[in-house]
Amino acid sequence: MKKNNAIKTHSAEELRAMVERGEDRTDFARIDAMTEADLEQAIADDPDWRDVPRDWHRGAEAVMPRAKVPISIRLDADLVEFFRGQGRGWQTKVNAILRAYANAKQATKAG
């Protein structure tokens, strides 16, 4: 199967211009006509939300990003392969996992 390289990026200004020219393909009338039940069903049918618990946000908190420090680290090859296989942003995911672990350890010590 041939890979589709149709992903394009646009600035906010370019997007505004596209909307003004009528190049927006979003069907806002259909979205506005959706009921809460329709929205809930659309979310339930979305494969990206399939494994996300309904109360995923309960422990969430907004955190301002901190400056990153470049380091050299040795990890098992299969771990690196797994995270790289997740695609773009894999190092950010590793950082988030380490952050969650550190927060849990700190909470255990404090609690």
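The values are calculated or read from the model by the stated rules, or taken from the named source; none is laboratory data. Just so we're clear, the structure is a prediction, and the values are computed from it rather than from any experiment. We place every Cβ from the backbone using ideal geometry, glycine too, and count neighbours over all the protein chains shown. What goes into the accessible areas is simple: the full protein's heavy atoms, side chains included, and nothing from ligands, DNA or RNA. Shrake-Rupley method; radii C 1.70, N 1.55, O 1.52, S 1.80 Å.
If I filter the range 23-58 down to residues being within 23 Å of the chain's Cα centre (by Cα) and of a type in the set (Phe, Trp, Tyr), which single residue comes out as nearest to residue 88 (Cα to Cα)? So, considering only residues that are within 23 Å of the chain's Cα centre (by Cα) and of a type in the set (Phe, Trp, Tyr), the one nearest to residue 88 (Cα to Cα) is 49. In this structure, is residue 106 under 19 Å from residue 60 (Cβ atoms) and either more than 20 Å from the chain's Cα centre (by Cα) or in a loop (DSSP other than H, G, I, E, B) (or both)? Yes: the conditions hold for residue 106. The sole residue among 61, 20 that is open to solvent by 100 Å² or more (accessible area, probe 1.4 Å), among the charged types (D, E, K, R), out of contact with any helix residue (DSSP H, G or I) (no Cβ under 9 Å at 6 or more places or on another chain) and over 26 Å from residue 95 (Cα atoms) is 20.
Regarding the range 81-99, can at least one residue be identified that is among the charged types (D, E, K, R), under 26 Å from residue 43 (Cα atoms) and either surrounded by 10 or more Cβ atoms within 10 Å (Cβ to Cβ) or modelled with pLDDT of 95 or more (or both)?
We begin by selecting, within the range 81-99, every residue among the charged types (D, E, K, R); these are 81, 84, 88, 93, 99.
With under 26 Å from residue 43 (Cα atoms) added as a condition, the list becomes 88, 93.
Pick out the ones that are also either surrounded by 10 or more Cβ atoms within 10 Å (Cβ to Cβ) or modelled with pLDDT of 95 or more (or both) and you get 93.
The answer is yes; a qualifying residue exists.
When the range 91-111 is filtered for residues that are touching a residue at least 24 places away in the same chain (Cβ under 8 Å) and over 22 Å from residue 74 (Cα atoms), nothing remains.
Among the numbered conditions (1) exposed (fewer than 10 other Cβ atoms within 10 Å of the Cβ); (2) part of a helix (DSSP H, G or I), the only one that residue 40 does not meet is (1).
Each residue in the range 23-47 was checked for being within 29 Å of residue 13 (Cβ to Cβ) and aliphatic (A, V, I, L, M), and 2 of them qualify.
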